[in-house]
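The values are calculated or read from the model by the stated rules, or taken from the named source; none is laboratory data. Just so we're clear, the structure is a prediction, and the values are computed from it rather than from any experiment. Cβ atoms come from the backbone with ideal geometry, glycine included; neighbour counts cover every protein chain shown. Keep in mind that these areas ignore ligands, DNA and RNA; they rest on the heavy atoms of the full protein, side chains included. Shrake-Rupley method; radii C 1.70, N 1.55, O 1.52, S 1.80 Å.
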Protein chains: 4
Amino acid sequence: MSMNSFGHIFRVTTWGESHGPALGATVDGCPPGVPLEAEMLQVWLDKRRPGQNKNTTARNEPDQVRILSGVYEGQTTGTPIQLMIENTDQRSKDYGEIEKTFRPGHADITYWQKYGIRDPRGGGRSSARETAARVAAGGVAREALKALVPGLEIKGYMTQMGEKHLDRSKFDWDAIDNNAFWLPDASAVQEWEDYLQFLRVKENDSVGAAIEVVVRGAPVGLGAPVYAKLDTDLAAAMMSINAVKGVEIGEGMAAAGLRGTENADEIFLGNDGKPVFSSNHAGGILGGISSGQDIVVRFAVKPTSSILTPRQSITKTGESIEVITKGRHDPCVGIRAVPVGEAMAACVILDHLMLHRAQIGEGPRGQIG
Amino acid sequence: MSMNSFGHIFRVTTWGESHGPALGATVDGCPPGVPLEAEMLQVWLDKRRPGQNKNTTARNEPDQVRILSGVYEGQTTGTPIQLMIENTDQRSKDYGEIEKTFRPGHADITYWQKYGIRDPRGGGRSSARETAARVAAGGVAREALKALVPGLEIKGYMTQMGEKHLDRSKFDWDAIDNNAFWLPDASAVQEWEDYLQFLRVKENDSVGAAIEVVVRGAPVGLGAPVYAKLDTDLAAAMMSINAVKGVEIGEGMAAAGLRGTENADEIFLGNDGKPVFSSNHAGGILGGISSGQDIVVRFAVKPTSSILTPRQSITKTGESIEVITKGRHDPCVGIRAVPVGEAMAACVILDHLMLHRAQIGEGPRGQIG
Amino acid sequence: MSMNSFGHIFRVTTWGESHGPALGATVDGCPPGVPLEAEMLQVWLDKRRPGQNKNTTARNEPDQVRILSGVYEGQTTGTPIQLMIENTDQRSKDYGEIEKTFRPGHADITYWQKYGIRDPRGGGRSSARETAARVAAGGVAREALKALVPGLEIKGYMTQMGEKHLDRSKFDWDAIDNNAFWLPDASAVQEWEDYLQFLRVKENDSVGAAIEVVVRGAPVGLGAPVYAKLDTDLAAAMMSINAVKGVEIGEGMAAAGLRGTENADEIFLGNDGKPVFSSNHAGGILGGISSGQDIVVRFAVKPTSSILTPRQSITKTGESIEVITKGRHDPCVGIRAVPVGEAMAACVILDHLMLHRAQIGEGPRGQIG
Amino acid sequence: MSMNSFGHIFRVTTWGESHGPALGATVDGCPPGVPLEAEMLQVWLDKRRPGQNKNTTARNEPDQVRILSGVYEGQTTGTPIQLMIENTDQRSKDYGEIEKTFRPGHADITYWQKYGIRDPRGGGRSSARETAARVAAGGVAREALKALVPGLEIKGYMTQMGEKHLDRSKFDWDAIDNNAFWLPDASAVQEWEDYLQFLRVKENDSVGAAIEVVVRGAPVGLGAPVYAKLDTDLAAAMMSINAVKGVEIGEGMAAAGLRGTENADEIFLGNDGKPVFSSNHAGGILGGISSGQDIVVRFAVKPTSSILTPRQSITKTGESIEVITKGRHDPCVGIRAVPVGEAMAACVILDHLMLHRAQIGEGPRGQIG
């Protein structure tokens, strides 16, 4: 039991507060011999980094990650990898006034009641900045997966932002990396952009989002009964991200509205002697174990709670107060949750690959045909 | 790491196959001095038990639970509690023909590919029968909670079954326990009943469902950053239940469509000096920690995969085959998932209460006012 | 965290009290496809079973183990294996009088103070009977190791019983299984036997013992820095056995008296291209990782606390009392600890083999030459 | 499962190599509200620090610890505490020649064989420098214990160094902190000092040691059956320290030579209504649970393997080589193991106190009288 750790064997512990000296991740259990340098992780951190465009917070953090241990001459050694990101742009004055105020939708009130003490600067431990450490750790997982499962791809993208929905008939895998929303539909980018600016500038408001992460090329057989199911761990991974309120695998909540005849993924034998499915309502997971289809996980991020429109709240001493959260805040935190979701998926897949090797080994198992 | 265990301190390990000699749960970490007798658990097992009416499978299992350890003279001793349910109605002939067939939507194909061996009788380990053990363990958690948190209530109910949706304007907490669907609206019961019969008898089909579990009266402060969040563990708990494809806290996936102004739960000071919230979009959890509001978790169960309408599949040796799953199957497994969801919630709440005591103790923490 | 579980991946949870209906072990994480039948476990239980000769307690328990789950048609399926041993000879009258008495050297007083309730019958959970469940679980580990590491041998034997010490110059590996003390020196058996009878019959006394367990043929590379060292887990495993007060690896406590020149195991290259060591002061473990030499672990078991010679104690209500423990008790519990130590070693070795496969895989790693 | 973590709830993960940029400890689960500043930890690091006198290595490391997270305005917040110690004196040239050599008694050969890669600089991850991180984490545990258990004391001291043994008839608790050997007998210090100089300077040799750690004033009731026993965790904690080969509780290995009549700790009722024991053969632990007596744990540290006297070994490519380990090495690493043993004991006691609170709470349990 470790309150800030995730994973069974590939085990990530994040640490650090938004405005402390540094934050980071302690990554234990990584296989040895994986090529690893800070630059490989920086790519993903840059993807998540704030201050890149007008859709995200103006806070200017370089988010430079350093590898303090576990790597020798450019390769992992199998010992713990310490990843540290120093906080440089702390501007704590912005946050001074909120020390005694419980911002609606924030963890201020529950942290205070639970612990009787909290670091209020920038949300302290409950800040979305914690996810930078996850992205760094996810980068390690990606490099290990690259070595162990050639061809595996992990990609996240937005499927909804408020009233805007992805038009799946225009789905374009290659468009994802080429726009600031990671939208798989280039033709919709301008519309989403305008919508977000309208909400932020005209309405002083924020908006929620849905993100889908797809793992393509994962081995068959990852996952285990009954509580170490692959979908169980994916659900936990995504729900542990700040502001996430729902997680779905495949059909997700829509499964409640389907009939058995509609939901069945029928099975055929492909030309390569491997099973082929007629559809993927299951999201690539059957009985908690990967089937070889695309693994599809989706999660919803609530709208940013910090908005310029006033909301009612109370102070630590019980007075009523009207809260307007000034400062640097994303109008849609869901955008930056895309690389975080990818990172969590990478960690879960690697972890389950290792679990599988532990129990089953690398050799043959059940064959078809 | 334990593949069949759940919980940090109150730790439940389920074991057993659908048609083996027995199945059960090993419950470790229960507080001592909790009054416990088999009858207290039997109540919940009876609620989940199949064969009670025409909406659930005809398999006739008494599901009698025995307590083999950890209880002395009617009280828990703090040592592991072994709960065993013997399988009596095994009728394994019904299942003989499926040994070589991969039923669509079932774990047959992934278990086979992963392990190279599986107990095919009734789905073996991946059978929904495993949830009987969870319900028994949840009963233990309920008794412990009764002793530790007087007034706490945990209730599950259906909010959707295929095209039928709960009309929340008619929500009636007291109606829940008085109908076979655990519907909080007595006026809709007949309609749901007719719909299900139509699907089963006329259409040879099955249907999905959504279940909501509410925890009322949980203490403020349960949960912990960052990966031991209360919502993280609730999501994992629900997603680990057979056939579950989505989990939501509060607004859930709908949060993706909301604006910040809509989603804010404003805070006021109640007459008793405790915080009062204007709404509960958060589902009772802020920053992973319980706020004192109702904890609201919802999950979707896919339609039963075993149906009488033929579906295409393949055999172990790769031949094409048309599968019709005869035998005893619920047209909507979601119905019996209600007590399972309650049981999982009870386990998570108790576990987090114990975690909280470990780190914070029972004494005072942050006060308001 | 699980208070009654042991192991990282091959995870054993024992449950049950001395005089409850049954006790057993829940074994999670076993590789699939391992041939397993109850008879294979019974061999080891029979070795540990009391009542076999005059050196051990007269309690007559058949200790028949049943496999309730996780095995299909004689092979493990990779799902949890439930092992149950029913208690038949409970004679609880023997123990009635001790309910209110704290026997010196027993856990009576600490259990009472900690939990405020305890099952006093036969020591309840703290009874040495719990080790029957370990022996059964160890039998599962042995069968898995047989499949995964051909040629691996695990053998335990006594090296000391009170004033009697094993004469290592007469060490005979083949003698071990042919006498009731598992002594590697057939010529000393009669002397040990006489000594024990003298202590029991003439002196109304008991005596301590030291047991050594050797693992021969374990793969190089088992263990991991820093807290999952192979010797760390072996030490925990042995110290967790009832009445054990010390654990040693290789030289053990004697290392405190050695010089560096004496303690060095010099390294040479063998004819087969593998390293050969001039000695084995290290007990087969360097830096927490197995070196390929014999793994040597030793532990001391205190003398049975239940003796016929009166000892001073107090009752639950604080009165002074003279305690004479009648009933059925081994004069040297250390004898029956031999198969328990072997079982624990088997579990640790299998668990670390699985951990190794998780992180490193089965393929090649560092070569010499 | 985490290979570099220790503890159930108060969970410490150490990271870092001897000659990397830094090393440290991630401490998760600390109670909130504990006063904590770097200076409080520095005290213990200074105690362990090398280069202080001629008995320890000449490597000059300031070992300045920094707290990077989890503390706000001088108090712990209940979130992870990151402790970092930067390496300044790396002089890696000293170690260049050993990259291809397996030093006898070191982990060089097993790390290489297991991982196929290792950081050879100063022993990398297997360096005793890792224990600096433990000492820092132990300092955190000490401060938390100070807040939770007033009056609790943890003290370590040497009881043996090669042929020198502590004369227990001269035991002086107050002498411990006043000499470089932490000897509880001031009159023997000069003799031990001369002996060690003789070994180092005249004999080019090193020597082993035994260290005893006593916990005075620990609450009754810490520990839990069966695998989370207090002595099990203490044994694991001590055995995980570099170079430790044996661990004892109370009588330890000597229990093998005792009779039941000798070993019994008889129980009386003290004037304060609490139990008093006639002796402490048990080392303060009965059935895995603390009895209120002094908790006594002892461990043996092997002689430093790095010595100036040549030893035979092989290189990575299989050639024979004579190894003389020049450089900066303690003639008796056992001396500096004293604060490490104390730190581990502090972590275990705090962890079990938290476990106890989780399951039992802070309120009353079984009373005597």
Unsatisfied cross-links (Cα-Cα over 24 Å) in the set D:Lys114/D:Lys326; C:Lys47/C:Lys100; C:Lys245/D:Lys155: D:Lys114/D:Lys326; C:Lys47/C:Lys100
Over chain C, relative contact order from alpha-carbon pairs under 8 Å, at least 6 apart, %: 21
Farthest toward positive dipole pole in region C:5-360 [+1 Lys/Arg, -1 Asp/Glu at C-beta], among C:Gln312, C:Ile289, C:Leu234: C:Gln312
Average Cα contact separation per residue, region D:231-352, under 8 Å, 6 or more apart, as relative contact order %: 26
Area of A:Phe171 that stays accessible when all protein chains are in place (1.4 Å probe, Å², to 10): 70
Nonlocal amide H pairs with D:Ala22, under 5 Å, H built at 1.01 Å: D:Glu17, D:Asn87
1.4 Å probe accessible area per residue over region D:140-271, in Å²: 34
Shielding by other protein chains, B:352-358, mean Cβ within 10 Å: 6
Karplus-derived HN-Hα couplings along region D:19-31 (A = 6.51, B = -1.76, C = 1.60, θ = phi - 60°), whole Hz, x at Gly and Pro: 10, x, x, 6, 9, x, 9, 9, 10, 10, x, 5, x
Apportionment of accessible area to carbon and sulfur, the protein assembly as shown, percent (1.4 Å): 48
Averaged over C:265-278, number of beta-carbon atoms from partner chains that fall within 10 Å: 4
B versus A: buried accessible surface, summed, Å² (probe 1.4 Å, to nearest 100): 9100
Between region C:295-334 and region A:161-221, the Cα center-to-center distance that results, in Å: 71
Two-site label geometry, C:Thr309 and B:Glu262: point separation in nm, points 7 Å out along Cα→Cβ: 8.3
Exercise: per-residue mean of other protein chain Cβ atoms within 10 Å, D:179-189: 0
Dipole magnitude of chain A, debye to nearest 20 (Cβ charges: Lys/Arg +1, Asp/Glu -1, about Cα centre): 900
Ranked packing of A:71-84, A:11-24, most packed first, by mean Cβ within 10 Å: A:11-24, A:71-84
Contact order normalised by residue count of region B:99-192, Cα under 8 Å, 6+ apart, percent: 14
Selection from A:Ala209, A:Ala22, A:Tyr195 lying farthest towards where the dipole of region A:5-360 points positive, charges on Cβ: A:Ala22
Simple label model, 7 Å out from Cα along Cβ direction - A:Glu73 to C:Gln197, nm: 6.7
Solvent-accessible area lost in complex, 50 Å² minimum, residues of region A:303-331 relative to chain alone, 1.4 Å: A:Pro303, A:Arg311, A:Gln312, A:Ile314
Rounded to the nearest 20 debye, dipole of region D:226-369 from Cβ charges on Lys, Arg, Asp, Glu: 540
3J(HN,Hα) from dihedral phi, region D:69-81, Karplus parametrisation 6.51/-1.76/1.60, rounded to Hz, x for glycine, proline: 6, x, 10, 10, 6, x, 9, 5, 9, x, 9, x, 9
Phi to ³J(HN,Hα) by Karplus 6.51 cos²θ - 1.76 cosθ + 1.60 over region B:223-233, Hz, x for Gly, Pro: x, 7, x, 10, 9, 9, 5, 4, 6, 4, 6
Amide proton proximity set for A:Leu286, modelled H, under 5 Å, gap of 5+: A:Ser291
